[in-house]
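Only one structure is covered here, and it is reproduced in the block below.
The values are calculated or read from the model by the stated rules, or taken from the named source; none is laboratory data. This is a predicted model, so every value here is computed, not measured. Here the Cβ positions follow ideal geometry from the backbone for every residue, glycine too, while neighbour counts run over all protein chains shown.
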Amino acid sequence: MKNKWIVILLFLTLGACSDASERSVYPSQDVELEKVLDEQDSIIGYKSLMDDNTLLVSIEIPTMKRFSKVKIEENIKKELENQYPNKEVIVIDDLKVRWEIEKIIEKEQESKELTKSIEKILALSKEET
Amino acid sequence: MDQKQFEDIVDKQNPKTPMFTNMLKAFLVGGIICTIGQLLVFFYIRFFSFTERTAANPTAATLVFIAMLLTGFGYYKKISQFAGAGSAVPITGFGNSVVSAAIEHKTEGYVLGVGGNMFKLAGSVIVFGVLSAFFVALIKTILVKIGVVSW
Amino acid sequence: MVKANGTIQFTEKPSIASTGVTVGPMEKDSPFASAFDEILLLEKEKNESYEEANTRFIEKACAITVKKGHEKMENIDVFIGGDLINQLSPTNFAARKLKIPYLGVFSACASSVESLIIGSLLLESGKASSILAGASSHHPAVERQFRYPLEYGAQKPKTAQWTVTAAGFALLQKQVKNAPIITHGTIGRVVDGKQANPLHMGAAMAPAARDTIERHLTNTNSKVSDFDVIMTGDLGKIGLNILKDMFTDEDCHVILQDAGAQFYGEDTFFNAGASGAGCSAAVFLSHIYNQLQNGTFKRVLLVATGALLSPLTFQQGETIPCIAHAIECRMEKRN
């Protein structure tokens, strides 16, 4: 009987654990990009990868604002498209994309590999089932 | 003795259902099952190439599989006696209803017995689930057409 | 023979010559376990269905009864039995093996006493001399018919009862020395207490039990205190309390007892207690029978209660009408 309660409490406390939100841009310190993204008060974190042709931004939306996830993604996408007209801009809020970008930033991939990784992530995010 | 007197006696002797304790138990067990589900989602996103959107599928399948094992070994009904709705409402409850019916009717053969009776309890879940999904989608389509909401 | 609104007096002394009770594994911790003839360790064998297992329990109980009564199965005139399964299949199939002229009876959990009353009537009429009568039930078989699949996680309330896996049969013969005799039988009337909850059958069956007990007392000019015990079949702990509240006689609180309430002792796993046609059969024909034989009890009233619902009537929104059959047994001075 007592064991049951210990296990339950363990679960409850573990549930409180979570990562702190990060803000990072890769591969270079793109001040303008950071400024635009920092201004957005609808997101609490972002990680982005930039390529010659693509800008992939994974954002983190606070839990209560997730109802308007699609709207927020579109707004940020529009703003970034204004700033980078010659690049394809993709803005996503997805845990998998975030973790993949984190892995790429850690591995410090360059040019061709970077392009391949970005394409892989894009293909993933387009999956429906 | 008239009906009213009898009803009074029955009410007096009926044990009171401890609503608050029952709700607490259901909440805890249901919450634990959902927490396990969330952990499974993280697991599938981390170690496999699922995104948030697609990870729901293997998670639901895994939870049903766990419910199937627990039902087959006879543990699920013990959890249920404790938790009530907490174990019946999540998808594990659906898995339990299908598997328990399948086990039960094995004596009547695989086609008519198992196949015909497997969804005896879950059938109404499926019927009303599909029906309500249809109506909700219908309402949303109308609202989108009017322009009140967007997809 | 005095006939007064359902009560029959038996003057030819139909006696319970011997009894046989088989139970399943869940019943082995019952306070009455030592009185049961055989406790089978498995609810069913590997290649059986639960209904076939039920049949096996019946066949075993009948064999034990006949053996203890120093009789042969071929010499039994009529086999009367009942159970809870659709079309009485388990008892039918047991009768197939016994090959005795057979009357199948059904009054749900009151079937045990119904068969004993009919058996006594046959003896009384002089048209038969050896009767095998009783009833049985089998927990998994009843659950899958009336309620949910066994492994389904439906939470049972405190008023729910556990159908026993048991078969109890008696050998009835006239004027057997040193055997309890059946002096009266009261045939129940269907009484509807307007209860509609199949998980609270105690409340539904209490009015029927009260009706039968009152008619029996009136028709035999007796009071509650004339009996050593008045035992109902399966009202359960809560149903028994309801029944006691329905009587104004103070003696009721001690003398009124219930087989289902005592069957599993104080184990709360079984909620309000035991139920089933096998419950009354097992307890009346083991524990109560022993107490009568050794002289502890001299006069008892056994009231088996039955809830006459089906899974269909419940789904169709009907209430649960019930019935209670009673027999009065006495132990005369040893000859």
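General remarks:
- Among the residues of region B:43-100, just one is within 17 Å of the chain's Cα centre (by Cα), aromatic (Phe, Trp, Tyr) and more than 14 Å from chain C (Cβ to nearest Cβ), namely B:Phe65.
- When region C:248-258 is filtered for residues that are over 21 Å from C:Ile187 (Cβ atoms) and either in contact (Cβ under 8 Å) with a residue 12 or more places away in the chain or buried (at least 18 other Cβ atoms within 10 Å of the Cβ) (or both), the ones remaining, listed by number, are C:Asp249, C:Asp251, C:Cys252, C:Ile255, C:Gln257.
- Total residues in region A:49-101, condition away from chain B (no Cβ under 14 Å), assigned to a loop (DSSP other than H, G, I, E, B) and either closer than 21 Å to A:Glu119 by Cα or at pLDDT below 85 (or both): 7
- From C:Gly168, C:Gly153, residue being more than 9 Å from every other protein chain (Cβ to nearest Cβ) and either outside any loop (DSSP other than H, G, I, E, B) or over 22 Å from the mean Cα position of the chain (by Cα) (or both): C:Gly168
- When the helices (runs of 4 or more DSSP H) confined to region B:53-151 are screened for residues that are outside the structural domain of B:Phe27 (by TED's automatic domain parsing), at pLDDT below 95 and surrounded by 11 or more Cβ atoms within 10 Å (Cβ to Cβ), those reaching at least 1 such residues are found at B:123-146.
- Flag if C:Ile131 is outside any strand (DSSP E or B) and surrounded by 20 or more Cβ atoms within 10 Å (Cβ to Cβ): no
- When region A:98-117 is filtered for residues that are closer than 23 Å to A:Lys71 by Cα and in contact (Cβ under 8 Å) with a residue 40 or more places away in the chain, the ones remaining, listed by number, are A:Arg98, A:Ile101.
- Matching residues, region C:117-126, being touching a residue at least 12 places away in the same chain (Cβ under 8 Å) and either at the interface with chain B (Cβ under 9 Å from one of its Cβ atoms) or in a loop (DSSP other than H, G, I, E, B) (or both): C:Gly126
- Any pair with Cβ under 6 angstrom, 6 or more apart, that starts in region C:313-324 at a residue that is touching a residue at least 12 places away in the same chain (Cβ under 8 Å) and among the aromatic types (Phe, Trp, Tyr) and ends at one that is surrounded by 15 or more Cβ atoms within 10 Å (Cβ to Cβ) and part of a loop (DSSP other than H, G, I, E, B): C:Phe314/C:Pro198
- Extreme residue, modelled with the highest pLDDT, among residues of region C:163-204 that are touching a strand residue (DSSP E or B) at 6+ places or on another chain (Cβ under 9 Å), surrounded by fewer than 17 Cβ atoms within 10 Å (Cβ to Cβ) and among the basic types (Lys, Arg): C:Arg189
- Only one of C:Phe247, C:Phe263 that is in contact with a strand residue (DSSP E or B) (Cβ under 8 Å, 6 or more places away or on another chain), over 21 Å from C:Ala61 (Cβ atoms) and not assigned by TED's automatic domain parsing to the domain that holds C:Arg144: C:Phe247
- Looking across region A:51-109, just one residue is of a type in the set (Gly, Ala, Ser) and in contact with a Lys or Arg (Cβ under 6 Å, 6 or more places away or on another chain), and that is A:Ser58.
- Condition met for A:Lys112 (basic (Lys, Arg) and more than 16 Å from the chain's Cα centre (by Cα)): yes
- Filter result (part of a helix (DSSP H, G or I), under 18 Å from the mean Cα position of the chain (by Cα) and within 24 Å of C:Ile182 (Cα to Cα)) within region C:208-236: C:Ala208, C:Ala209, C:Arg210, C:Asp211, C:Thr212, C:Ile213, C:His216
- Residues of region A:22-43 classified as surrounded by fewer than 20 Cβ atoms within 10 Å (Cβ to Cβ) and either among the polar types (S, T, N, Q) or within 13 Å of A:Ile76 (Cα to Cα) (or both), total: 12
- Some residue of region B:1-16 being β-branched (Val, Ile, Thr) and more than 7 Å from every other protein chain (Cβ to nearest Cβ): no
- Residue among C:Glu59, C:Glu114, C:Glu143 that is modelled with pLDDT of 95 or more, charged (D, E, K, R), under 26 Å from C:Ala206 (Cβ atoms) and in a helix (DSSP H, G or I): C:Glu114
- Scanning region A:115-129 for residues that are of a type in the set (S, T, N, Q) and within 14 Å of chain B (Cβ to nearest Cβ), we see that the one that is nearest to the chain's Cα centre (by Cα) is A:Ser125.
- Scanning region C:196-243 for residues that are among the charged types (D, E, K, R) and either facing another protein chain (nearest Cβ under 9 Å) or touching a residue at least 60 places away in the same chain (Cβ under 8 Å) (or both) returns C:Arg210, C:Asp211, C:Arg215, C:Asp226, C:Asp228, C:Asp234.
- Residue, modelled with the highest pLDDT, within region C:244-271, restricted to residues that are assigned to a loop (DSSP other than H, G, I, E, B) and away from every other protein chain (no Cβ under 14 Å): C:Tyr264
- Test result for B:Gly37, within 11 Å of another protein chain (Cβ to nearest Cβ), assigned to a helix (DSSP H, G or I) and in contact (Cβ under 8 Å) with a residue 40 or more places away in the chain: no
- Candidate set from region C:64-80 (those that are in a loop (DSSP other than H, G, I, E, B) and of a type outside the set (Lys, Arg)); member that is nearest to C:Leu171 (Cα to Cα): C:Gly69
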